[in-house]
Amino acid sequence: MVEIFGIAVSMDPIWLTLEVAGWTTLILLLLGTPLAWWMARLQSSSKIVLEALVALPLVLPPTVLGFYLLIILNPNGYVTEFLRLFGFEGQLTFSKTGLIVGSVFYSLPFAVQPLMHAFEAVPQKLLDAAATMRANAFDRFFTIAMPLSQRGFLVAATLTFAHTIGEFGVVLMLGGNVPGETRMVSIDIFDHVESLEYDQAHLLSAMMLIFSLCVLMLVYALNRRFGVKVG
Amino acid sequence: MMTEQTTHYLRGRLQLELGNFKLESGEFNLPMQGVTVLFGRSGSGKSTLLRAISGLDKNTRGELSFGDELWQRGKKSLATQKRHIGFVFQDAALFPHMTVRQNLLYGVKRLPKGIEAADFDEIVGRVGIADKLDRGVNFLSGGEKQRVAIARALLLRPQILCMDEPLSALDWRSKAEMLTLIEELVAAYQIPVLYITHAPAEVERLAQNIVFMKAGRIERVESLQEALSRADSPLFDDEGAVSVLQGRIESEERGLHPVVFGENRLWLSEASTADKKTVRVRVLAKDVSLSLSDPEHLSIINHLSAKILELIPEKKHRMLVRLQLNDGQKLFAEITQFSAERLGLEVGQELFALIKSVALTE
């Protein structure tokens, strides 16, 4: 418990939230980059299907996503059984790992879309030119496509992090409300309101509001600054 | 510079479909020597063929080999980065996040052992970008960008240098400078060039061989001389038939520059390229008149003795006369059919060609 402005709040949900958001961002950058690159270079009509699938978490009620994940990741399900083959212990639901897995799905569009748009803006000609100078596909990606897409990476990372911090539905469905293990800030606020602890709810809400505003301002600043420089 | 002077052939047949456009090249066997121009209207498939040859498009099918290297067979193709070619794109395609120097060294760093890059300082100096090495490429003019692109390709000492309309994005002054530069580089480094253009003037200036393309097919492959000796040559635009004569330039006399071919000589009033020995001179057929005797009392000073090879009637009562000069080069004259009858011209007849104006090709 920490006292801020004379109000006692538990810091655990805040640390947990930051940790989950950090991991989610890292994982999504690693997985989202190849996916976004592949999608950006795809010319067939299957791209439409993929784009729709990636965008799904934007329109789906988080509870729906959470519900399906709960079913898929349940302790007796195939996914967990499969992981046990590799020595995985514990479970994916109602645990921190599960929260991160859920967040990865929930925040997928926020990583993939900015990356994909950045990759699409890399002129094919530059990649061709690199190929004529003996750069192979990986080389071309790391030396041409990635540096020219740095704005996309910054936007993707910031949005993913911020969006994960604000998630509620998926967390509640998949993680429940285990103090210290799965109780994130958004749920903590919900709890406080339920218990009529408006002071704590006020404090956490205000922190979230200020944080979100700062993140958005950062994103727009990056957009402006790097929008001019690159391209 | 010492290079083996054996000519390698680029041979095969290539197919590539892009949306509605279909490239179906037909068999070709091109000697990679000097500048080979891919010529045709826009949409004729020049760029597509060059991309297919470079291996830049995965959907390319067919056969392609260069010398004894196999570059394409069916769906299998050797990756572009292993073909050891250089490519200069229409708008340079410099990497915007790098300086000029970084652009130039991008390929050099990736050369495998055993292949040595060309001398950096020499190329940079010759291409004229030595003072711009540490600039960002976005601060270069169009002409400067294209120079960097050419240097970047030349540094790798490619087996073939591909150039896709390298001048089309430039203003006329840069165009003229770049043409001169390309001409010098080709002569100096002896790298075979595949050059795309739809400008006859560039063809006349640079080409050794011409690949004529139409509707995704290679129509014919000819030497420049062959292409220019046809009355219906696609190289002739609204100025009518053109001849290109190759000669040796000699030192200035009475403010004029003599160009010598065989026993003939032409007098040029301007010759900008003083350091060159061989020059190409462009003569419009309509600037050539014919005379049965060598006229002395005439302001026109360029008189060449010639023999009639062919009389080709044209539209609007014009007559195209194909002549052979005494060193074997061909020259077109365009006169009226009335004049031809009055002079009683016939094939085999010897006469004099009077040239009103000549220009060095540029």
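The values are calculated or read from the model by the stated rules, or taken from the named source; none is laboratory data. Fair warning: this is a prediction, and the values are worked out from it, not measured in the lab. Glycine gets a Cβ as well: all are built from the backbone with ideal geometry, and neighbour counts include every protein chain shown. Only protein heavy atoms, including side chains, enter the accessible area calculation; ligands, DNA and RNA are left aside. Shrake-Rupley method; radii C 1.70, N 1.55, O 1.52, S 1.80 Å.
Side notes on the structure shown:
- With a 1.4 Å probe rolled over the protein heavy atoms of all chains, the accessible area of B:PHE338, B:PHE89, A:PHE67, B:PHE21 falls in the order B:PHE338, A:PHE67, B:PHE21, B:PHE89, largest first.
- Region B:7-104, relative contact order [Cα under 8 Å, separation at least 6], %: 26
- Projected label points at B:ALA188 and B:LEU309, each 7 Å from Cα along the beta carbon direction, are separated by 3.5 nanometres.
- Chain A shape via C-alpha gyration tensor axes, a/c threshold 1.5: oblate
- Averaged over peptide A:120-131, the number of partner chain Cβ atoms lying within 10 Å of each residue's Cβ comes to 5.
- Counting only Cβ charges, +1 for Lys and Arg and -1 for Asp and Glu, the dipole size of region B:8-228 around its Cα centre is about 880 debye.
- Whole-number accessible area per residue in Å² for region A:101-231, which is evaluated in the context of all protein chains at 1.4 Å: 46
- Debye log10 I(q)/I(0) for region B:242-360, one point scatterer per Cα, at q = 0.16 Å⁻¹: -0.73
- Counting only protein heavy atoms and a 1.4 Å probe, region B:242-360 has 55 square angstrom of accessible area per residue.
- Rounded if a/c under 1.5, otherwise prolate or oblate - region B:157-224, Cα gyration tensor axes: oblate
- Positive-end extreme of charge dipole, region B:242-360 - chosen from B:PRO295, B:TRP267, B:VAL244 (charges on Cβ): B:VAL244
- From phi via Karplus (6.51, -1.76, 1.60), per-residue ³J(HN,Hα) for region B:214-220 in Hz, x at Gly/Pro: 8, 6, x, 10, 7, 7, 7
- Shielding of A:132-142 by partner chains, average beta-carbon count, 10 Å: 6
- For the chain pair B and A, the buried solvent-accessible surface (1.4 Å probe, both sides summed) amounts to about 1900 Å².
- For chain B, built as a Gaussian network whose Cα springs stay under 10 Å, the top-fluctuating residue of B:GLU310, B:GLU204, B:GLU341: B:GLU341
- Summing charges over neighbours of B:GLY216, with a neighbour being any other residue whose Cβ is under 11 Å away from its Cβ, gives +1 when K and R count +1 and D and E count -1.
- Within straight-line reach of B:LYS22, meaning a Cα separation under 28 Å, sit the following lysines at least 8 residues removed in sequence or on another chain: A:LYS47, A:LYS125, B:LYS46, B:LYS58, B:LYS75, B:LYS76, B:LYS82, B:LYS214.
- Within region A:1-158: Cβ-based charge dipole about Cα centre, in debye rounded to nearest 20 (Lys, Arg +1; Asp, Glu -1): 540
- Normalised by the number of residues in chain B, the mean separation of alpha-carbon contacts (under 8 Å, six or more apart) gives a relative contact order of 16 percent.
- Mean accessible surface per residue for region B:86-197, computed with a 1.4 Å probe while every protein chain stays in place, in Å²: 40
- Cα centroid of region A:137-190 to Cα centroid of region A:69-122, whole Å: 12
- Calculated FRET value between A:MET1 and A:ALA206, using beta carbons and R₀ = 25 Å, to 0.05: 0.85
- Over all other residues within a Cβ to Cβ distance under 14 Å of B:PHE21, the charged ones net out to +3, with Lys and Arg as +1 and Asp and Glu as -1.
- When the other protein chains are added to the chain by itself, burial of at least 40 square angstrom of heavy-atom accessible area (probe 1.4 Å, ligands and nucleic acids ignored) affects these residues of region B:89-119: B:PHE89, B:PHE95, B:PRO96, B:HIS97, B:TYR106, B:ARG110.
- Springs join every pair of Cα atoms under 10 Å in this Gaussian network model of chain A, and among A:LEU26, A:LEU56, A:LEU85 the largest mean-square fluctuation is at A:LEU85.
- Distance between region B:272-325 and region B:4-44 - C-alpha centres, whole angstrom: 34
- Close Lys pairs in region B:242-360 (alpha-carbon distance under 18 Å; sequence gap of 8 or more, or different chains): 7.
- Remark on the protein assembly as shown: Rg and Dmax equal 34.8, 118 Å (Cα only).
- Solvent-accessible area, 1.4 Å probe, carbon plus sulfur percent, for the protein assembly as shown: 56
- Förster radius 45 Å - calculated FRET efficiency between A:LEU29 and B:TRP172, Cβ distance, rounded to 0.05: 0.40
- GNM flexibility winner over chain B from B:GLY19, B:GLY67, B:GLY45 (Cα, springs under 10 Å): B:GLY19
- Rounded to the nearest 0.05, the FRET efficiency derived from the C-beta distance between A:GLN124 and B:GLU219 at R0 = 25 Å is 0.30.
- Average Cα contact separation per residue, region B:210-362, under 8 Å, 6 or more apart, as relative contact order %: 24
- Each of B:SER291 and B:GLU253 was given a label point 7 Å from its Cα along the Cα-to-Cβ line. The distance between the two points is 1.8 nm.
- A:LEU58 sits among other residues whose Cβ lies under 13 Å from its own Cβ, and their net charge, with Lys and Arg +1 and Asp and Glu -1, is -2.
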